[in-house]
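Input: a single structure, listed below in structure tokens.
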Amino acid sequence: NKITILSIFLSFVTGVIFATGNFAFAGWMLVISGSLDMLDGRLARETNTATREGAFFDSCSDRYSDSFVLIGIAIYFLSKNLSGNSFFISLTDFVAVTVIFFLMLGTSSMSYVKARGEAVGVSTKSGLMQRPERIMMLSIYSILDPFLRIIQKSYGINEDYCLIFLL
């Protein structure tokens, strides 16, 4: 549970870093917090300290961790064009925030969907993008973000298009 709490805290910090636009640093923080999240359950099972309550806490904490990161990215898009007392949001930023809202809806409902599926006897272990895969893809993109922005800019492409596509 202590590792899970540390992972939640680091996810919050990661969200704050994403909000500032420092994607490379946020990507490394996401690697650390995601690794801790994947380690906690395995460590509990290996040391015979796993409990149903701990598994429940871990599952709920995953939703908070995802939300902190996604809220941070949404704040980045919302605050990019904030200047003094004026606020402007471009169509691209609006689309990005809308995508993030739908992504948050999907990630936050995952626990319910899995629990409901298991209750009615439907397998919920399949799917293209489980949480570890989502964390890995966002981490890799974020770490490479400075280089991807240079490439996109050199071709005259909006520097946020790859991130929006990834999301």
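The values are calculated or read from the model by the stated rules, or taken from the named source; none is laboratory data. The model shown is predicted, which means the values in this text are computed figures rather than measured ones. For neighbour counting, all protein chains shown are included, and Cβ atoms are generated from backbone atoms with ideal geometry for every residue, glycine included. Just the protein is used for accessible areas: all its heavy atoms, side chains included, with ligands, DNA and RNA removed. Shrake-Rupley method; radii C 1.70, N 1.55, O 1.52, S 1.80 Å.
ALA24 - would you say it is in contact (Cβ under 8 Å) with a residue 40 or more places away in the chain, open to solvent by less than 40 Å² (accessible area, probe 1.4 Å) and not polar (S, T, N, Q)? So ALA24 fits the description; yes.
Any residue that is touching a residue at least 24 places away in the same chain (Cβ under 8 Å) and open to solvent by less than 60 Å² (accessible area, probe 1.4 Å) - is there at least one of those in the stretch 109-122?
Of the residues in the stretch 109-122, the ones touching a residue at least 24 places away in the same chain (Cβ under 8 Å) are 110-111.
Those left that are additionally open to solvent by less than 60 Å² (accessible area, probe 1.4 Å): 111.
Checked against the condition, which is being touching a residue at least 24 places away in the same chain (Cβ under 8 Å) and open to solvent by less than 60 Å² (accessible area, probe 1.4 Å), the stretch 109-122 yields at least one hit.
Of everything in the stretch 1-16, what is out of contact with any Leu (no Cβ under 9 Å at 6 or more places or on another chain) and within 18 Å of ILE143 (Cβ to Cβ)? Give them in sequence order.
Filtering the stretch 1-16 for residues out of contact with any Leu (no Cβ under 9 Å at 6 or more places or on another chain) gives 1-2, 5, 8-9, 12-13, 16.
Across the stretch 1-16, the qualifying residues are VAL13, VAL16.
The residues listed here are ILE71, ILE100, ILE89; of these, the one that is without any contact (Cβ under 8 Å) to a residue 60 or more places away in the chain, β-branched (Val, Ile, Thr) and closer than 19 Å to VAL16 by Cβ is ILE71.
How many residues does the stretch 1-22 hold that are of a type outside the set (D, E, K, R), part of a helix (DSSP H, G or I) and out of contact with any Phe, Trp or Tyr (no Cβ under 8 Å at 6 or more places or on another chain)? Give the steps one after another, and end with the answer.
Step one: list which residues in the stretch 1-22 are of a type outside the set (D, E, K, R), which gives 1, 3-22.
Subsequent filtering for residues that are part of a helix (DSSP H, G or I) retains 3-20.
Still in the list and also out of contact with any Phe, Trp or Tyr (no Cβ under 8 Å at 6 or more places or on another chain): 3, 5-7, 9-10, 13, 16.
The total comes to 8.
ILE157 meets each of the listed conditions (1) modelled with pLDDT of 85 or more; (2) open to solvent by 60 Å² or more (accessible area, probe 1.4 Å); (3) assigned to a helix (DSSP H, G or I) apart from (3).
When the stretch 83-108 is filtered for residues that are part of a loop (DSSP other than H, G, I, E, B) and either surrounded by 12 or more Cβ atoms within 10 Å (Cβ to Cβ) or on the phi > 0 side of the Ramachandran plot (or both), the ones remaining, listed by number, are GLY84, ILE89, SER90.
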